[in-house]
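The values are calculated or read from the model by the stated rules, or taken from the named source; none is laboratory data. Everything numeric in this text was worked out from a predicted model, so none of it was measured. Here the Cβ positions follow ideal geometry from the backbone for every residue, glycine too, while neighbour counts run over all protein chains shown.
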Amino acid sequence: MHNFQRPAEPENFSARTKAAREKVEAHFLKPAPPAAVVAVDPGAPAAPDSGATQKRKRKSKGRAEEKKEELFPSLWSKHKHKFSRAQRGKCAYCEGLILGLQYGDVEHIQPKAEIHDLPDDPAHWGQEGFWSSSVEGRKAVGQPIKPGYWWRAYDWNNYLLSCQICNQQWKANFFPVDGVHPKGPPVEGHETEPVCTPWLLSPFDEGFDPSRHFDYGRIGEILGCSEWGRMTIATCGLDRPSLRLARYKLARATHEHLDEIARDVTERDVLRVLTYIERDGEETQAFCGMVRTIFTRRTGLPWKKLGELTEQLRNRGVPERSLCDC
């Protein structure tokens, strides 16, 4: 992952989503009707579950799906270009290119309609199908939590651009937290209510430093270095085989460049190698966050220091002198 600056909220966004927000609030904050009491004869036989009953259930489910779409009109999708520009046309989670290759989704970080939880056992987190982008064996623990974070459906700070594989196949309605999901928006004067800590990372998080949460190996594998990192990898499937393959050449090259610097080489060689790393870590490049994370974790230097080093070497004329010469 890579840190980006969230695009500014359009001036008219709040006004244009006002009616939708009020409709959602009215739906979820309205008092629940009293439950109907139905007398049941305990001795009566159970009604058979006929084909007609199954048909009615399918129709009811279909109407529920339509109602959900009506309740949350996708006004956010009109601003996809703003997030694409801010993220340099890349997926916020996997860093793969979206622009020019796929449509991508303006994704809700906190799910609006319902929430799914991952089980504790990684064996049930699912795996990518062989030569396929679909996920197999992924299971949610318990029943879906309904509703979700409906009050954030039209919150500008709850959006990012994601590729369809990360969003639709993996993240979906999963949103891991430490604690209990809130049942509604914060209420003034009730600050003592339980607060949960989200585990899912976003490139727009304030102070987000990928090198604190992730590390990358030589074959493109990604490792979680914090609970946030581990849960983000599990939620978005960031270590899936297709992503490892896509990152492999760049990960290997970055590690080998740093291996070369560790040997007895000249300043000219160092400049050459650092220039390669600097180029691969440019924001417009796919997987630039991986390159920057490898550099930071292996050298102990922040990414911005790389530019200072290359500039110093260029200004010195980079002589054919070993770094080990005293």
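Brief remarks follow.
- If the condition is being in contact with a helix residue (DSSP H, G or I) (Cβ under 6 Å, 6 or more places away or on another chain) and assigned to a helix (DSSP H, G or I), then the range 211-246 contributes SER211, THR235, CYS236.
- Among the residues making up the range 124-141, a single one is on the phi < 0 side of the Ramachandran plot, free of Cβ contacts under 8 Å to residues at least 12 places away in the same chain and of a type in the set (A, V, I, L, M, F, W, C): PHE130.
- Residues considered: VAL265, VAL177. Of these, the only one that is over 30 Å from ALA153 (Cβ atoms) and hydrophobic (A, V, I, L, M, F, W, C) is VAL265.
- If only residues of the range 144-176 that are among the aromatic types (Phe, Trp, Tyr) and part of a loop (DSSP other than H, G, I, E, B) are counted, the one that is nearest to ILE109 (Cα to Cα) is PHE175.
- Annotation note: Cβ proximity below 9 Å between a residue of the range 175-204 that is surrounded by fewer than 18 Cβ atoms within 10 Å (Cβ to Cβ) and modelled with pLDDT of 90 or more and a residue that is hydroxyl-bearing (Ser, Thr, Tyr) and not in a loop (DSSP other than H, G, I, E, B) (sequence gap 6+ or interchain) occurs for VAL177/THR197; ASP178/THR197; GLY179/THR197.
- When the range 239-255 is filtered for residues that are under 17 Å from ALA172 (Cα atoms) and surrounded by fewer than 22 Cβ atoms within 10 Å (Cβ to Cβ), only ASP239 remains.
- Subset of the range 157-171 (residues that are more than 10 Å from the chain's Cα centre (by Cα) and among the hydrophobic types (A, V, I, L, M, F, W, C)): ILE165
- Count of the range 142-159 residues which are without any contact (Cβ under 8 Å) to a residue 12 or more places away in the chain and charged (D, E, K, R): 1
Quick grid of which residues meet (1) at pLDDT below 95; (2) in a helix (DSSP H, G or I); (3) surrounded by 14 or more Cβ atoms within 10 Å (Cβ to Cβ); (4) of a type in the set (Lys, Arg):
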| position | (1), (2), (3), (4) |
| --- | --- |
| HIS27 | yes, yes, no, no |
| PRO34 | yes, no, no, no |
| PRO48 | yes, no, no, no |
| ALA52 | yes, yes, no, no |
| LYS61 | yes, yes, no, yes |
| ALA92 | no, no, yes, no |
| LEU101 | yes, no, no, no |
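- Failed item in (1) of a type in the set (A, V, I, L, M); (2) in contact with a Cys (Cβ under 9 Å, 6 or more places away or on another chain); (3) exposed (fewer than 15 other Cβ atoms within 10 Å of the Cβ), with ILE165 passing the rest: (3)
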